Amino acid sequence: MQQEAAQDTAASAGRRFTIDQLLVRAGGFGPHQCGQAVLCAACNMCTAAACFLPNFLYPRLRTAWPELTEASTATLGSIFFLGNTAGLLFWGGFADTHGRRPAVNAALAMLILASAATFSSVGLESLAVARAFAGFAVGGVLNASTVLLLEVVPPHRRMSGKLCLVIGGWVPGQLWLTCVAYLMRERDLAWLGVAHLLPAPFLLLAT
């Protein structure tokens with residue numbers, strides 16, 4: 001009886017803690033949170049490369065595609081962000097229902113496929129479809145990975161987690177794409193696609 005009473009008392013005491021308080025009591029920003037921060041930063045690297053790809057891809061495509069004018073590139077940009085907006089709306093509900101990690105996996109897989117489709121495009125129509133799906137996938141990667149990290153970080157370290165995503169992911173992603181574009185400037189355009197192979201290992205890490 002005394003043991004059961006002690007268990008009931010402990011359970012009642014446990015119910016008085018908020019999630020944030022439990023995260024602090026569990027150790028704060030530990031090895032799990034560090035690993036999650038690395039994974040989410042890697043996801044941000046992928047999304048940065050996908051967002052800034054047109055800066056290097058479209059100028060090279062113009063030499064072979066006369067129809068790729070300033071107006072059409074602006075339209076392609078709008079299509080990408082329309083897809084991104086739809087992705088933000090869709091992946092939020094998907095992550096709430098199926099979990100953050102499955103959402104990250106699915107969105108990264110879609111991003112890889114959309115990137116491959118981008119470099120397989122033969123005209124503006126197929127390129128527009130590929131970029132729409134890339135934007136849709138980016139919405140999922142950004143949404144699910146950011147929330148996944150912040151949900152396991154104590155309140156007093158959440159700003160550090162956000163900085164990790166920006167400094168450890170977004171900026172290196174842009175630098176990675178810039179370096180690849182520079183090194184591959186004399187090669188066939190398909191070599192630029194290596195920038196979008198970056199998500200593959202992190203897709204495995206997210207499982």
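The table below lists the values:
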{"quantity": "Cα→Cβ-extended label distance, 7 Å offset, between Thr178 and Glu125, nm", "calculated": "3.8"}
{"quantity": "At R0 = 41 Å, FRET efficiency that the Cβ-Cβ distance of Leu150 and Thr63 yields, to 0.05", "calculated": "0.40"}
{"quantity": "Accessible area in the full protein assembly, largest first, 1.4 Å probe, for Trp91, Trp176, Trp191", "calculated": "Trp191, Trp176, Trp91"}
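The values are calculated or read from the model by the stated rules, or taken from the named source; none is laboratory data. No experiment lies behind these values; they were computed from the predicted model shown. Cβ: placed from backbone, ideal geometry, glycine included. Neighbour counts: every protein chain shown. We work out accessible area using only protein heavy atoms, side chains counted, and drop any ligands, DNA or RNA first. Shrake-Rupley method; radii C 1.70, N 1.55, O 1.52, S 1.80 Å.
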